[in-house]
Amino acid sequence: MSIGRGLGTGLALALAAMAAHAPLSAEDGDVVLAADTTGTPAERAAQMVAQLTREEKLTLVKGYFGGDFPPTEYVAHPDAIDGSAGFVPGIPRLGIPPQWETDAGLGVASQGTAKIKRPRTALPSGLATAATWDVELANQGGRMIGSEARADGFNVMLGGSVNLLREPRNGRNFEYAGEDPLLAGRMVGAQIAGVQANGIISTIKHYAVNDQETERGVANFLLEEDDLRMSDLLAFQFAFESGNPGSVMCAYNKLNGDYACENRFLLTQVLREEWDWPGYVMSDWGAVHSTAKAANAGLDQESGFGLQRDDHFGDKLAEAVATGEVSEERLRLMVTRILHAMFDKGVIDNPVVGDESLIDFEANRAIAQADAEAGIVLLKNAGNVLPLAGAKRIAVIGGHADKGVLSGGGSSQVYPDGENAVPGIEPTGWPGPVVWYPSSPLAELRALLPDTEILYADGSDPAAAVRLAQETDLAIVFGTQWSSESIDIPMRLDGEQDALIAAIAAASGDTVVVLETGGPVAMPWVDDVEAIVEAWYPGRMGGAAIANVLAGMVNPSGHLPATFPVALDQMPWAGEVRRGHVTYEEGATVGYKWFDARGIEPLFPFGHGLSYTSFAHRGLTARARGDGIAVKLTVTNTGEIAGGDVVQIYVSAPWAGWEAPQRLGAFAKVQLEPGESRNVELEIDPRLLARWDLAKPGWQRKAGSYTVTVGTSSRALGESVQVDLDTLHLGPGWKPGG
Ligand code: GLC
């Protein structure tokens, strides 16, 4: 039997077989192996699926948890990679490899039940990367974690988390990219593209509106369709367009009544009929609640059997196909989409070969450190107490700063080389463990400032800490907030750290607060301290990153990807995180849009971030171009040291009807030497100049004079110009470049 014949005969046979719904076999002519690289991904997938038996197709749509799971007495598939998220068997007969799946967006994670925790390079949190506003850095980070995934033998990386920060208490905010659809979508899209540059599939998740952890598995989130389109779905759309993910992970929750993984609106109407997306939908682990309803709504692959108790895409699916409740055509389509992604992303043509010697940890840590440094946000710097200079005696207090830096918990947990720098902190089991990366801000500071006496108190004895602060010129107090998947958390620092910070501030000369948090936190001491630095969960090299910013080796250039409220009562919902049927009354008015629409003064606004230098924005011009607006301006570094500026373009409509007075329309990160100027050109996407029209589905823009403003935050707005635009309607599937 000759194999791998040219496309013509093979494809003709395949298409004929498709029509007959009969799988090709050697008797029908040549078997075409996956290795036959002729044809587009779509053609190759069609050809391959036509050769598969029903049983083989059913094999490809059911995924298994990748590690043992004692609670359900589940033992992992022998071919799965131990301690990994998932595994889907391949079809050796045709050369289709298994799908080896790893979490997540911050690096190669190990599941809590892993026999060996794989030590890999942890990026800083998703919020930290978003705070860089630098799509290039996001892409580099994706390339790095994707390369480690590939070296470990994984060909699917469950990264790309783009849920909007609606709820500041969401325990998974650290995995995501903030409150604005454009910033979140573009940053996560860049990361997805980076992961997939390694010839593996990246997922985008959690689709959609899994914007809190409380009751994530059963809650029904309610949003009007137009609001949904202009918020969470728009973030996904921007990420799809810049990242082109091979797969989507449907979420645990219900949306407008149906579970996301059996929600025809999400899985078929939006993804297929409107966005014409060819990839495959995998479920979250345990998020499948039906067989025929899910398959017919558009779910292509059930994930994580073993965690997923009910086996909906195993025997039940076989039965549903046998009875016709799920058609053969539907099963063919499910498998075609999976194969399309495998062909399209290189999984088949460039098969992974696990070889961890391929990992360059030194280079990868440098990428993680650069990301962390660029994402650190200088929130306050009264009297320019930063960068540190002149202080002869410095007190460093709390936050385990002598040991390391904090990371977030759950399925995205990346374990460091060496040990957890601060082991034994509860919860040590799920959703823990609480992992501290062995990168000590204290040790790094002492190395950078050898002539400065730097003393440490862990803060467990507040009185001793206060005494130490009184004996020094300046106190640096670390404040931490641990967060994790499956829980929501108070919008505050853990334990009694607020009281400790207040006591130190009252006692010391100058006080600098360094925050390591999963998201926005209240700061009751904000007026009592001279400087505040938000370092987020700064990743494997976080201590070095923090020290470099404090000591001035790095000029901070991070800007907030999320509003920091003064208190929860400024938010759309200040009560207990909601359960059951949850109507997100704010609709698309998320984050700064809420604060702007109601004239509320936040603690620190979206887009805020200080620098050790200064920038000027001049010569703003804007004009209609294509369906959007072209913007130009000149950015100048007017200070004495090099730095990175985040140019933010906000746009306002001349008519009521938008969800907020202004929207982020475009952004760019610009690195400039002292005195250097750069002409910057940006483009405002037409969907950000319109609103979703329910009557005539699509993006409806009204004619009028639109205001384009450059800002250094959503509340620090500079020059504005007007642009006259005509009315315009764009269909639901409109995307740049058609
Ligand atoms: C988890 C998470 C998801 C993760 C998956 C595999 O429950 O919700 O983000 O990728 O299961 O670990």
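The values are calculated or read from the model by the stated rules, or taken from the named source; none is laboratory data. The shown structure was predicted, so the numbers you read here are calculated from the model rather than taken from an experiment. Don't worry about glycine lacking a Cβ; one is built from the backbone with ideal geometry, like all the others, and counts go over all protein chains shown. Just the protein is used for accessible areas: all its heavy atoms, side chains included, with ligands, DNA and RNA removed. Shrake-Rupley method; radii C 1.70, N 1.55, O 1.52, S 1.80 Å.
So A297 ticks every box in (1) away from the ligand (no atom under 16 Å from the Cβ); (2) open to solvent by 10 Å² or more (accessible area, probe 1.4 Å) but one. Which box is left unticked?
(2)
State the number of residues belonging to the stretch 90-111 that are more than 18 Å from S202 (Cβ to Cβ), open to solvent by 30 Å² or more (accessible area, probe 1.4 Å) and either in contact with a strand residue (DSSP E or B) (Cβ under 9 Å, 6 or more places away or on another chain) or outside the structural domain of S303 (by TED's automatic domain parsing) (or both). Working first, answer last.
Going through the stretch 90-111, the residues more than 18 Å from S202 (Cβ to Cβ) turn out to be 90-96, 110-111.
Remaining after also requiring open to solvent by 30 Å² or more (accessible area, probe 1.4 Å): 92-93, 95.
Subset that is either in contact with a strand residue (DSSP E or B) (Cβ under 9 Å, 6 or more places away or on another chain) or outside the structural domain of S303 (by TED's automatic domain parsing) (or both): 93.
The qualifying residues number 1.
State the number of residues belonging to the stretch 485-511 that are of a type in the set (S, T, N, Q) and under 23 Å from V566 (Cα atoms).
Total satisfying the criteria: 2.
Only one of these is open to solvent by less than 10 Å² (accessible area, probe 1.4 Å) and at pLDDT below 95: G153, G146, G83. Name it.
G83
Would you pick out the residues in the stretch 270-284 that are touching a Leu at 6+ places or on another chain (Cβ under 7 Å) and either of a type in the set (V, I, T) or buried (at least 24 other Cβ atoms within 10 Å of the Cβ) (or both)?
Hits for the stretch 270-284 are V270, V281, S283.
Need at least 2 residues that are free of Cβ contacts under 8 Å to residues at least 24 places away in the same chain and of a type in the set (S, T, Y) per element, so show me which helices (runs of 4 or more DSSP H) inside the stretch 451-565 make the cut, counting only ones lying wholly within it.
Per the criteria, no element qualifies.
With respect to G518, determine if the residue is within 16 Å of the ligand (Cβ to nearest atom), within 22 Å of L560 (Cα to Cα) and buried (at least 24 other Cβ atoms within 10 Å of the Cβ).
Yes, satisfied.
Within the stretch 125-136, how many residues turn out to be part of a helix (DSSP H, G or I) and either in contact with a His (Cβ under 8 Å, 6 or more places away or on another chain) or surrounded by fewer than 24 Cβ atoms within 10 Å (Cβ to Cβ) (or both)?
3
Pick out the one residue from E576, E585 that is within 23 Å of A656 (Cβ to Cβ), open to solvent by 40 Å² or more (accessible area, probe 1.4 Å) and among the acidic types (D, E).
E585
How many residues are touching a Pro at 6+ places or on another chain (Cβ under 7 Å) and either among the β-branched types (V, I, T) or not assigned by TED's automatic domain parsing to the domain that holds G675 (or both) when one looks only at the stretch 614-645? Full working, then the answer.
Here is the first cut: in the stretch 614-645, the residues touching a Pro at 6+ places or on another chain (Cβ under 7 Å) are 627-628, 637, 639-642.
If we keep only those that are either among the β-branched types (V, I, T) or not assigned by TED's automatic domain parsing to the domain that holds G675 (or both) as well, we get 641.
Counting residues in the stretch 614-645 that are touching a Pro at 6+ places or on another chain (Cβ under 7 Å) and either among the β-branched types (V, I, T) or not assigned by TED's automatic domain parsing to the domain that holds G675 (or both) gives 1.
Quick one: in the stretch 435-450, which of the residues that are in a loop (DSSP other than H, G, I, E, B) and open to solvent by less than 20 Å² (accessible area, probe 1.4 Å) is farthest from A544 (Cα to Cα)?
Filtering the stretch 435-450 for residues in a loop (DSSP other than H, G, I, E, B) gives 435, 438-440, 449-450.
From what is left, the residues that are open to solvent by less than 20 Å² (accessible area, probe 1.4 Å) are 435, 439-440.
Values: V435: 17, S439: 7, S440: 7 Å.
Per the criteria, the residue is V435.
Output the number of residues of the stretch 323-346 satisfying the condition of being under 18 Å from K62 (Cα atoms) and either open to solvent by less than 70 Å² (accessible area, probe 1.4 Å) or basic (K, R) (or both).
16
Name every residue in the stretch 247-279 that is among the aromatic types (F, W, Y) and within 19 Å of the chain's Cα centre (by Cα), in order of residue number.
Result: Y252, single match.
For the stretch 367-398, enumerate the residues that are in a loop (DSSP other than H, G, I, E, B), modelled with pLDDT of 95 or more and under 13 Å from L550 (Cβ atoms).
Of the residues in the stretch 367-398, the ones in a loop (DSSP other than H, G, I, E, B) are 376, 385-392, 398.
From the residues that got through so far, the ones that are modelled with pLDDT of 95 or more too are 376, 385-388, 398.
Of everything in the stretch 367-398, those that are in a loop (DSSP other than H, G, I, E, B), modelled with pLDDT of 95 or more and under 13 Å from L550 (Cβ atoms) turn out to be I376, V385, L386, P387, L388.
Does K380 qualify as being touching a residue at least 12 places away in the same chain (Cβ under 8 Å), open to solvent by 40 Å² or more (accessible area, probe 1.4 Å), in contact with a strand residue (DSSP E or B) (Cβ under 6 Å, 6 or more places away or on another chain) and away from the ligand (no atom under 16 Å from the Cβ)?
Yes, satisfied.
Can you tell me which residue is nearest to V396 (Cα to Cα) among those in the stretch 473-490 that are more than 16 Å from the ligand (Cβ to nearest atom) and surrounded by fewer than 23 Cβ atoms within 10 Å (Cβ to Cβ)?
Kept after step one, since they are more than 16 Å from the ligand (Cβ to nearest atom), are these residues of the stretch 473-490: 473-482, 489-490.
If we keep only those that are surrounded by fewer than 23 Cβ atoms within 10 Å (Cβ to Cβ) as well, we get 473, 489-490.
Numbers: D473: 11, I489: 26, P490: 25 Å.
Going through the qualifying residues, I end up with D473.
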